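Each value in this text was obtained by applying a stated rule to the coordinates, not by laboratory testing. Predicted model only: the values in this text are computed from it and were never measured. Cβ coordinates were reconstructed from backbone atoms using ideal geometry, including for glycine residues, and neighbour counts include every protein chain displayed.
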Amino acid sequence: MNDPARADGPRLAADLGKSDLLELYEYMALARAAEDRLEIMLKQGHVKGGLYRSLGQEAVGVGSAFALDRRVDGTGDMIAQTVRTTGAIFLMGGTPLQYFRQYLARSTGPTRGREANVHWCDFRKGLLGPVSPLGTMTQVMAGITLVFKQTGQPRVGLAYAGDGQTSTGAWHEGLNFAAVRRCPFVAIVQSNKYAFSTPIRLQTRLASFTGKAAGYGIESRSVDGNDVLEVFEATRDAVARARDGGGVTLIEARTYRRLGHAQHDAQEYVPREEIEEWERKDPIGRFRERMVREGWALESELDALDVAARERCEKDAERAIQEPAPDAEEAVQRVYEGLITSVPWTRLPEPTPRGAAI
Amino acid sequence: MSFNFSAPATEDTEADSAPVVTIDKPEHVTKTERGEPVTFLEAIAEALFEEMVRDGHVFLLGEDIGVYGGAFKVTKGFIDHFGSERIIDTPISEAGFTGAAAGAAHMGLRPVVEMQFMDFISPAYDVITNYIATSLYRGSGPMPVVIRGPVGGGNRGGPFHSQNVEMAFFHTPGLKIVYPSTPYDAKGLLKAAIRDDDPVIFEEHKGLYRAPQLREVLPTEDYVVPLGKARQVREGSDITLVTYGMMVHRSVEAASTLQGEDGVSVEILDLRTLLPLDDEAIMDSVRRTGRLLVVHEDTRTGGIAGEIAMRVNEQAFEFLDAPILRVAAIDAPVPYAGTLEDYFLPQTHDVVTALRYLARY
Ligand SMILES: Cc1ncc(C[n+]2csc(CCOP(=O)(O)OP(=O)(O)O)c2C)c(N)n1
């Protein structure tokens, strides 16, 4: 989208040319390959803690981030990513290598082992590193987009949430603030049927999250979250409106979490047929089938992208595995800018409690 | 307040119409009646289950506690036994459902709120400290609310699934704070907390939940462990070690090392309740040993060791033969990487070093 060279050739769908469509496919395949690789590393004992996947939801992150002005110099649009938007992280410029290093808590990783999964920040690439408490990132993104607006920067912020997150006070307050200030903000709700084990009917009385928009006086749209082009078009419109001073849009992307909340969740609360039904609606499979049917790409071209994604992830994973863990003593660094938190006095070469003062 | 409720009404709500079916007890709450040893987690499940059977006013609220049985499966099977009006699966709204618990308490019920991880108690900080903790003082009546959930590090959970929250609430008059270290205490303290008319924050170290070495056979009859009373874990004459939670177990290891290798006798007190503090037990021990080490997993600055040291200073200064010392986590967020987290957390060797320093002082 960014690259004018890519706009060459005929418009095939959603005002996109062949190379754009291939790129959408490529990033969905890359997200899936990276997460598949992570599962292998978990089984091998390299990943500690939770492993969260976006399996079956790849079209939401990829389709929406593709509509952004993506740059790597800190002047582009920004996203508040989640564990269900691996593809968006990669599209923004985050790499599978960084992703693996972070999950493996390597000293080479973006947080040098201090934080887990996709909780990392890269302002130059427009990645806003999340915290776990749900809703917080919507508030923070409201402030970021406020500055975009008030300093006249033509930039847009996009914050992802799950259906469950919309029940938090934080999400509500952040969105309302952005709405009142007419910030250039796009809120995407990935409505994937469950928040951990809790079905949507226990989160909201609404049949669609677009129903919330009226309460904020903002625009909204509901899309098939497993159709990457539909997600792309809706986001492109919302982003254009935001950039033009039209304020906030809420997009509901209807999709499905095909695995448990994390690897430790056996999903016993879900009927098997429901998962099978959504396997048939797989966003990558659907897009592949459509591209071939419409003659936008050859099967062999898509196969080549799949293979390249898998090979890249395998290579990057092997590299991350070889890299070192952070040195233990780094734990006391960077709690403050320019101050070192005291080392435990019991670990001084000559232990004395007098050595413990900060 | 003198409402005379029977068990809460059982008509279906629109939100969730799962029928109330009384089936057999979930397997994990029947170990004690079968004479089998229980884990820390099973002891907590038994306490909840037995209190719900004993008193129809007790009910549970929290995220994923129903069909899923809670993130750690403490309430597995409860919804089948008690129905969806006494086991309420909430939206992700800690502030909302903790506030709702306060309202239910006003109406004579005894809510037990589960935080999926205690790290996420923070959105409810306002209602807990400003509303629940002040209710009695404001003349709005007692607040028999228990807020419980997993805490603590060592599981590679990173900064938001590893916190200890006691000191965020310690400074709020009106709250009680409980932090058990054994299955026996966990069950007895949780029952006492549920029966108590004051609000209680109840912390459960997730590293203790399934620790096999802690399994123990509990009494088959109903019992409570009174709030506000410390427990002597080990008798000793040279040094007093005050601790709680996971650190009780590290401290026992360290004390054994001191006994075996140095011939130093360490007395260990497990606080069990952090608020109110059992001053008497602490002073009694310090007066006998003249030396005090406080060990806590929580971070150092603003940790409970500071308050304990001040109280000993006020009440037993003349008995001290050495400065009061502490072993605690470093002042940082809880890091994710194993190397960093192990460095962050107090280890047994830190306790050994501190005890040796005190013994030689
Ligand atoms: C304030 C808060 N409460 C609880 C949690 C624990 N938690 C983490 S993810 C999650 C479910 C999230 O569901 P949803 O927002 O629908 O996103 P999904 O995982 O389905 O993508 C919960 C309850 C949390 N992170 N933050």
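Computed values, structure above
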{"read-out": "Space enclosed by the convex hull of the alpha-carbon atoms of the protein assembly as shown, per residue, Å³", "value": "173"}
{"read-out": "Sites A:Ser300 and B:His349 - FRET efficiency at Förster radius 60 Å, r taken between beta-carbons, to 0.05", "value": "0.50"}
{"read-out": "Alpha carbon convex hull of chain A, volume per residue in cubic angstrom", "value": "163"}
{"read-out": "Residue-count net charge about A:Leu97 - beta-carbon cut-off 15 Å; Lys, Arg +1, Asp, Glu -1", "value": "+2"}
{"read-out": "FRET efficiency for B:Phe319 and B:Glu221, using Cβ-Cβ distance with R0 set to 45 Å, rounded to 0.05", "value": "0.70"}
{"read-out": "Selection of GluC sites (Glu not before Pro), the range B:186-263, meeting DSSP coil and at most 11 other Cβ within 10 Å", "value": "B:Glu221, B:Glu235"}
{"read-out": "Largest-first ellipsoid semi-axes for chain B, taking √(5λ) over the Cα gyration tensor eigenvalues, angstrom", "value": "36, 21, 19"}
{"read-out": "Relative intensity, log₁₀ I(q)/I(0), of the range B:27-214 from a Debye sum that treats every alpha carbon as a point, q = 0.18 Å⁻¹", "value": "-1.23"}
{"read-out": "Cα-based helix-to-principal-axis angle, B:94-106 vs chain B, degrees rounded to 10", "value": "70"}
{"read-out": "Separation of the A:Val335 and A:Arg11 label points, Cα + 7 Å toward Cβ, nm", "value": "5.7"}
{"read-out": "Rough spin-label spacing in nm, given labels placed 7 Å along Cα→Cβ, for A:Ile321 and B:Glu253", "value": "3.0"}
{"read-out": "Amide H contacts under 5 Å for A:Val335, placed H, 5+ residues apart", "value": "A:Thr341"}
{"read-out": "Exposure proxy ranking, count of Cβ atoms within 10 Å, fewest first, for B:Val38, B:Val266, B:Val233", "value": "B:Val233, B:Val38, B:Val266"}
{"read-out": "Within chain A, helix-based [θ] at 222 nm, where runs of 4 or more DSSP H residues each add -39,500 (n - 2.57), nearest 500", "value": "-12000 deg cm²/dmol"}
{"read-out": "Over the range B:206-361: Kirkwood hydrodynamic radius from C-alpha pairwise inverse distances, Å", "value": "16.2"}
{"read-out": "Most mobile listed residue (A:Glu23, A:Glu289, A:Glu273) in chain A, GNM with C-alpha springs under 10 Å", "value": "A:Glu273"}
{"read-out": "In nm, spacing of pseudo-spin labels at B:Asp24 and A:Arg280 (7 Å Cα→C-beta vector)", "value": "3.8"}
{"read-out": "Efficiency of FRET from Cβ geometry, A:Arg354 and B:Asp284, R₀ 41 Å, rounded to 0.05", "value": "0.90"}
{"read-out": "Global geometry of the range A:25-150, whether rounded, prolate or oblate, following the gyration tensor of its Cα atoms and the 1.5 cut on a/c", "value": "prolate"}
{"read-out": "Least to most buried among A:Arg201, A:Arg286, B:Arg360 (fewest other Cβ within 10 Å first)", "value": "B:Arg360, A:Arg201, A:Arg286"}
{"read-out": "Among A:Glu274, A:Glu294, A:Glu329, residue whose mean-square fluctuation peaks in a GNM of chain A (springs only between Cα atoms under 10 Å)", "value": "A:Glu329"}
{"read-out": "Cα gyration tensor category, rounded, prolate or oblate, for the range B:171-220 with a/c compared to 1.5", "value": "oblate"}
